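Working notes, structure below.
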Amino acid sequence: MTWKESSWPPAHPGPTNTSSSTPARRWGSTSTSSRWLTSVTSAAGCTCTSLRRRRRRRRTWSVAKARLLKPQEEPEIEIRPETLVIGGGISGITAAISLSNQGFLVHLIEKEEELGGMLLRLDRLFPTQIKSEELLKPRIEAIESDPNITVHTGTKVRDVSGFIGNFEVEVENRHDEIESLKVGTIIVATGAENLDPVGLYGYGEDSRIVTQLQLEEMIKDDGLGEFETVVMIQCVGSRNEERPYCSRVCCSEAMKNATMIRESHPESEVYILYRDLQTYGTSYTPLEWDAKKNFVKLVKYDAQRPPEVTPEDEAVWVSVYSPLLDEDITLKADLVVLSTPLIPRDDAKGLSQILKVPLNPDGFFMEAHVKLRPIDFATDGIYVCGTAHSPKEIGESVAQALGVASRAAIPMAQGNLRTAAIVSVVDESKCSGCGTCIELCPYNAIQKDETGIARVTAAVCKGCGVCGASCPERAITMQHFTNEQLEAQGLAALGRVDD
Amino acid sequence: MAFEPRIVGFLCNWCSYAGADLAGVSRIQYPPNLRVIRVMCSGRVDPSVVLSILAEGADGVMITGCHIGDCHYIDGNLQAKRKYALTRHLAEKAGLEPGRLNLEWVSASEGQRFANLVREFTEQVRVLGPSPVSGDSPDPALQLNLNAAKAAAEGFRLRALVGKEEKLVTEGNIYGEEVSQEEWDQMMTEAVETEFTRHRIHLALKEHPTSVKALSERLSLPSKEILEHVVALRQRGMVDIQEIRGSSPIYMALEVPQ
């Protein structure tokens, strides 16, 4: 790749010579910035919906604070040109390769023993019908021969601390060995799992009732065998009260597999029982036409009257009410395939707590803003892609993975970042050296100097402000969140402004 | 026009503000009575700021932070809890309904919870009605009391006590003596009582210099107690004798350097 051979990023030390050095936080270099003279109020935080309802109510209390703002010193931090990619599925693999090609070091963490994720279980991939190995193999080989990418298989993330540019990550491998990594950015590409629909449509009671994913594995292993009738049921365990979302991939997947079965077993009959067919977009609607051309029989069912599956010795009986025909249909099936949704992984909640990033009500990782920042988290330096974010097919996962690789590359290519100047300052003339702040500071950022007066180490201070709110002498000012500013905001919020 | 409570909310940057944001982007409806002020950590909400806003006529104040154990700053929300206890204590002493104050934990993913809490608190404050110190004719006695509570929260003694509380209660003092929460609470109750009364006296004297007897009538406290506090205030340099009128000294308040 030409990128790697060139000296990109130009004015920034390449990853090869910074890998082991500690990230130098260049706190010495500060600059005064007038950007601290702006006070931004979040319309969303103030309920944009009610805002619209009551337009007269201006967000004046932000203005009240702005009147009292002062320019602040901004310390500069260096961004370590190294990324942690969590998850070695197609999304994580794609992001890792892209970042490596841009000249950054990548740690790729996979909890299983092998890279590949969900793709390892799939046979052919719609809409191009290529084998999943054709997609995976060259990429895994590229990763394994890439000196910029370190693969950690059988490894999980245990703990993450720090912030953009200087995350410290503890990972634990299968031998309970803990390794600590220092990275500048983190990409969450942990993927999703397929719902195991225990208790639905006789699943688990009869080996002739399988999920769409198990069917893929059967096709992959050539274990399809002989049969006359296959019945597929869509929306099994999704688009209901428990899981209100559409899993996005199942309709196209069912079309693809049904067509494939009809082609390989021309004597067989294939039925798809659906609620709504969502073969969206330019690529997937043709799959539906293909299926129809191949005489796959599509039967709509009513969510209020779902199909009934009764396994007996000679066959699995499926009876379904068709609202279009207004009659009950009974099918004698050799194989019943349940299209189950992608669901969040069990460990998503744990990881979200480690990274301090949110999950949405369905349990998938949630982006900072659905339209404006669709692959960032609200926390700087952490990004999300693939099915960890929501159910999506491979093309979309790859597109998102390339997207996060670009997003994560921005701060790393810039090399440094001016951080928030929100630190506390001690007024020496007021400090009596009581030590309350020293005990309360969660980061040990405050120490007494030789004269017994408290001193804040700005590089360590993270700006929580507990010291300022506690100082008995009120000698500590929390920059950008001073008591005067907060009181002024409170007054303005009550509709009163001091001149 | 129907009464619309004016509620000031202090939201921590990392959990609650993000939770409010989520409520917004998820288009969850909730009453617009909450005026949001962002702070980095709920532990940064100084009791004196809250009491000052209450003294200015806010109908309610709501503080929200990360859930215990989830604080972005490790344990800032524990500090928030301690500080909130003092705020509430002082507000109650001043005679304000404790229902006008609220401390809750909201995570970044709890947009719905945030909306529900705002709705519940708004209704709670609506039932209490407008703050007695809001509007054109604020209740003068409560106004004085709230100002005294604010001054007490700005004073060294209560701030130092609250600052040391977490460590003393959980780890014991430097001699290794354990202090139980009950003992601590009892001691705090006395300290709050004393500080609040002293600042009430100080503020009353600031309005106009007067005698202990007159103060006793105005503040409905026994003369003996007032005298003890006046003596203590004199030692602190907050009060001095202005003149001797008849046989009783007239006291005046001195400006306390900020």
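B:Asn102 fulfils the conditions (1) under 22 Å from B:Tyr17 (Cβ atoms); (2) within 14 Å of chain A (Cβ to nearest Cβ); (3) under 19 Å from the mean Cα position of the chain (by Cα) except for a single criterion, (2). Here B:Lys93 passes the criteria (1) surrounded by fewer than 24 Cβ atoms within 10 Å (Cβ to Cβ); (2) free of Cβ contacts under 8 Å to residues at least 60 places away in the same chain; (3) within 30 Å of B:Leu219 (Cα to Cα) except the one numbered (2). With respect to the stated conditions, A:Leu105 fails to be over 20 Å from the mean Cα position of the chain (by Cα) and either under 30 Å from A:Lys220 (Cβ atoms) or outside the structural domain of A:Phe163 (by TED's automatic domain parsing) (or both).
Among residues of region A:283-297 that are charged (D, E, K, R), those with a beta-carbon under 8 Å from a residue that is outside any helix (DSSP H, G or I) at least six positions away or on a different chain give the pairs A:Glu288/A:Leu277; A:Glu288/A:Thr279; A:Lys292/A:Leu298; A:Lys297/A:Glu269; A:Lys297/A:Val270; A:Lys297/A:Tyr271; A:Lys297/A:Ile272. Summed over region A:189-246, residues that are of a type in the set (A, V, I, L, M, F, W, C), in contact with a Lys or Arg (Cβ under 7 Å, 6 or more places away or on another chain) and under 30 Å from A:Pro266 (Cα atoms) total 2.
For B:Leu54, the stated conditions hold: it is over 15 Å from B:Gln112 (Cα atoms), more than 7 Å from every other protein chain (Cβ to nearest Cβ), touching a residue at least 24 places away in the same chain (Cβ under 8 Å) and in a helix (DSSP H, G or I). Total residues in region B:1-47 satisfying the condition of being surrounded by fewer than 24 Cβ atoms within 10 Å (Cβ to Cβ), touching an Asp or Glu at 6+ places or on another chain (Cβ under 7 Å) and more than 7 Å from every other protein chain (Cβ to nearest Cβ): the figure is 2. Scanning region A:442-499 for residues that are among the acidic types (Asp, Glu) and within 11 Å of another protein chain (Cβ to nearest Cβ) yields A:Glu473, A:Glu484, A:Glu487, A:Asp498.
Of the candidates B:Asp70, B:Asp75, the single residue that is at pLDDT below 95, within 8 Å of another protein chain (Cβ to nearest Cβ), surrounded by fewer than 22 Cβ atoms within 10 Å (Cβ to Cβ) and within 27 Å of A:Ala475 (Cα to Cα) is B:Asp75.
So, restricting to strands (runs of 3 or more DSSP E) that lie completely within region A:179-222, which ones have at least 3 residues that are of a type in the set (A, V, I, L, M, F, W, C)? It would help to see each step written out before you state the result.
Details: elements: A:185-188, A:192-194, A:209-211.
Passing ranges, in order: A:185-188.
The values are calculated or read from the model by the stated rules, or taken from the named source; none is laboratory data. Model, not experiment: these values are computed from the prediction. Glycine also receives a Cβ, built like all others from the backbone with ideal geometry; neighbour counts cover every protein chain displayed.
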